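All remarks here apply to the structure that follows.
The values are calculated or read from the model by the stated rules, or taken from the named source; none is laboratory data. Note that the structure is a prediction, hence the values are computed from the model and not measured. With ideal geometry, Cβ positions are generated from the backbone for all residues, glycine too; neighbour counts draw on all protein chains shown. When the accessible area is computed, the model is the full protein with side chains, heavy atoms only, and any ligands, DNA or RNA have been set aside. Shrake-Rupley method; radii C 1.70, N 1.55, O 1.52, S 1.80 Å.
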Amino acid sequence: MAVLAFDTTQGACSAAIFHQGVLLSGRLELMARGQAEHVLPMIETVRRQAGIEYCDIDLIAVTTGPGTFTGVRVGLAAARALALVGGQAVLGIGTLELLAHAAAPAVLAERKGSIIAAIDARRGELYVQAFDDGGMAATAATAISAASFRPPPGLAPGRIVGTGAAILQAVLPDWRLDGRIVQPDAAVLARAAE
């Protein structure tokens, strides 16, 4: 199965193509704005690098938020447009779930802990969701102040990922900040979608 995946929900733009368990091409660029202008050219670049035609893509995967209002809309509109033209199915995956998928291999390798994905929603709030060590949701995604968030009972302290990780780690000192996973990555999205 050939999967085209892209993300425009946060402070980056990324695109990737995954086929039969192999990442054929992927790109991630940090950007505060401009995802609308960059996503389609980036998709074309990774498609060419992968050596695959649009008609050979079986699935389009896109992040569904939470994220910036414009960023989420840009990604969903691009996915819908490409799917309408090519006839592919579209799979949406939440941004918090995607961040947890990126952290899950390291947490599983350590054989301890769990994951909290946190995105800075501004104005003193975070979008937060807790996951077990395999990246399976333990709570629903919610918007909450860092001071009000409590991990569910039974989840062992592990890693906090995302743009709001440092804010949340300040009130959850037993949890470790994973500064490597801040922005969603389409390469992780493509693997999860496959």
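Some observations on this one:
- Test result for residue 25, under 30 Å from residue 175 (Cα atoms) and either open to solvent by less than 40 Å² (accessible area, probe 1.4 Å) or touching a Pro at 6+ places or on another chain (Cβ under 9 Å) (or both): no
- Filter result (among the small types (Gly, Ala, Ser), open to solvent by 40 Å² or more (accessible area, probe 1.4 Å) and closer than 12 Å to residue 39 by Cβ) within the range 71-91: 77, 81
- Filtered residues of the range 39-61 (kept if crowded, with 19+ Cβ neighbours inside 10 Å and in contact with a strand residue (DSSP E or B) (Cβ under 6 Å, 6 or more places away or on another chain)): 39, 42, 43, 46, 50, 57, 60, 61
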